[in-house]
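Before any comments, here is the structure.
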Amino acid sequence: MGIEFSILGRGRAGRSLAAAWGSRVALLAHDARPEGLVLLAVPDGAVGALAQAFPGRCAHLSGSLDIPGVPSAHPLTSFDGQARNWAGTPLGLTGVVPKEIHAAFVDLGFLPFELPSHLKPLYHACAVMSSGHAATLWLGAEKLLQDGGVPLPGRGLLSLAEATLRNLAEHGAEGRTGPFVRNDLDTIERDAAALPPAWRELFLQLGRML
């Protein structure tokens, strides 16, 4: 089987997808100008100019950016440059993605759904909160512990993070635990007082959000 389409962009997303699709695709640099269909795996700021080079034969991966006439396919996952098991992972489609690219994602286990263009910023903001911001919280908590003289052994906070996600996956909102769920005001006050001001404010705001 020959090359079905090209991927422009050798970042983590491009490398991950290329590794999974193998000989079905060609992984190329930003400045390449291949024939045929093209999937743009580049930063949002580069999509517009590159899309003009492939009129009517490209799609991009941005979950936030909408360019009229240029379809997008956004995998709701975090890439690390490696092929992974993406079975059951949502794939937000905006516009008519070329059937070859659409089928290639489905073959990897992605589940396509229609993502209206006007809802992309909300969708992507929620994705950022549940991924990038969540990572910031875990890394920040780890640093606060280290700076405060509490180095955790073994896997540190990772075991807690995995257990939390497992509880949410199995029980939904009922899987959320902690002093804010129990309305344990004394514990909340004591914990908040132990944090630096900026983290204290965030601790209280997030805890009272739901």
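Look at the stretch 105-131: where a residue is at negative phi and a partner is assigned to a helix (DSSP H, G or I) and small (Gly, Ala, Ser), sitting 6+ places away or on another chain with Cβ atoms under 6 Å, you get LEU108/ALA20. Six or more apart or on different chains, Cβ under 6 Å: which pairs go from a residue in the stretch 173-190 that's among the polar types (S, T, N, Q) to one that's surrounded by 10 or more Cβ atoms within 10 Å (Cβ to Cβ)? Could you list them? These pairs meet every condition: THR187/PRO179. Within the stretch 42-95, being within 16 Å of GLY109 (Cβ to Cβ), of a type outside the set (A, V, I, L, M, F, W, C), in contact with a Lys or Arg (Cβ under 9 Å, 6 or more places away or on another chain) and touching a residue at least 60 places away in the same chain (Cβ under 8 Å) holds for one residue alone: GLN82.
For the stretch 72-94, the set of residues classified as touching a strand residue (DSSP E or B) at 6+ places or on another chain (Cβ under 9 Å) and either crowded, with 17+ Cβ neighbours inside 10 Å or not in a loop (DSSP other than H, G, I, E, B) (or both) consists of SER72, ALA73, HIS74, PRO75, LEU76, TRP86, PRO90, LEU91, GLY92, LEU93, THR94, listed by residue number. Candidates VAL47, VAL42, VAL97: the one that is of a type outside the set (Asp, Glu), assigned to a loop (DSSP other than H, G, I, E, B), outside the structural domain of GLY132 (by TED's automatic domain parsing) and within 16 Å of GLY9 (Cα to Cα) is VAL42. None of SER62, SER16 is under 24 Å from ALA127 (Cα atoms), among the hydroxyl-bearing types (Ser, Thr, Tyr) and part of a loop (DSSP other than H, G, I, E, B) except SER62.
Screening LEU202 with (1) over 30 Å from ASP44 (Cβ atoms); (2) assigned to a helix (DSSP H, G or I) gives one miss only, at (1). In the set (1) over 17 Å from ALA18 (Cβ atoms); (2) in contact with a Ser or Thr (Cβ under 7 Å, 6 or more places away or on another chain); (3) of a type outside the set (Ser, Thr, Tyr); (4) buried (at least 17 other Cβ atoms within 10 Å of the Cβ), the condition left unmet by PRO121 is number (4).
The values are calculated or read from the model by the stated rules, or taken from the named source; none is laboratory data. None of these values were measured; they are calculated from a predicted model. All Cβ positions, glycine included, derive from the backbone under ideal geometry; neighbour counts span all protein chains shown.
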